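Working notes, structure below.
The values are calculated or read from the model by the stated rules, or taken from the named source; none is laboratory data. In this text, all values refer to a predicted model and were calculated from it rather than measured experimentally. Cβ atoms come from the backbone with ideal geometry, glycine included; neighbour counts cover every protein chain shown.
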Amino acid sequence: VLNRDIPWETYMSTKLISGTSLQLLRRYDHRSESQRAQLLDDDGPAYVRVFVRVLRDIFKEDTVEYVLALIDEMLT
């Protein structure tokens, strides 16, 4: 699931995510576990808000599964 390429730019162009959300998602997407841990240490609440917004506003199954996998990884 985490190997998928999610079209974040498309979601921004259709106003499903903001430019700020896009920046955070790009920064986090496809990074190593240690890089993600550092990002969460630096700005964890912002990433949680972005993940929750994606789950609230986007219903495409691949994207929902991907974000749920990111959250699962974040919590373990």
V48 vs. criteria among the hydrophobic types (A, V, I, L, M, F, W, C) and either exposed (fewer than 13 other Cβ atoms within 10 Å of the Cβ) or in contact with a strand residue (DSSP E or B) (Cβ under 6 Å, 6 or more places away or on another chain) (or both): no
Residue match in region 58-65 (condition: free of Cβ contacts under 8 Å to residues at least 40 places away in the same chain, in a loop (DSSP other than H, G, I, E, B) and either crowded, with 17+ Cβ neighbours inside 10 Å or not small (G, A, S) (or both)): yes
Looking only at region 30-41, and only at residues there that are touching a helix residue (DSSP H, G or I) at 6+ places or on another chain (Cβ under 7 Å) and not basic (K, R), the one that is surrounded by the most Cβ atoms within 10 Å (Cβ to Cβ): L39
Subset tally (residues that are over 10 Å from the mean Cα position of the chain (by Cα) and hydrophobic (A, V, I, L, M, F, W, C)) for region 30-51: 4
Residue that is at pLDDT below 95 and either at negative phi or touching a Gly at 6+ places or on another chain (Cβ under 7 Å) (or both), where the choices are E61, E9, E33, E65: E33
Scan of region 10-29 for residues that are closer than 18 Å to V64 by Cβ, under 13 Å from the mean Cα position of the chain (by Cα) and of a type outside the set (A, V, I, L, M, F, W, C), ordered by number: Y11, S21, Y28, D29
Members of region 1-39 that are of a type in the set (S, T, N, Q) and either touching a residue at least 60 places away in the same chain (Cβ under 8 Å) or not in a helix (DSSP H, G or I) (or both): N3, T14, S18, S32
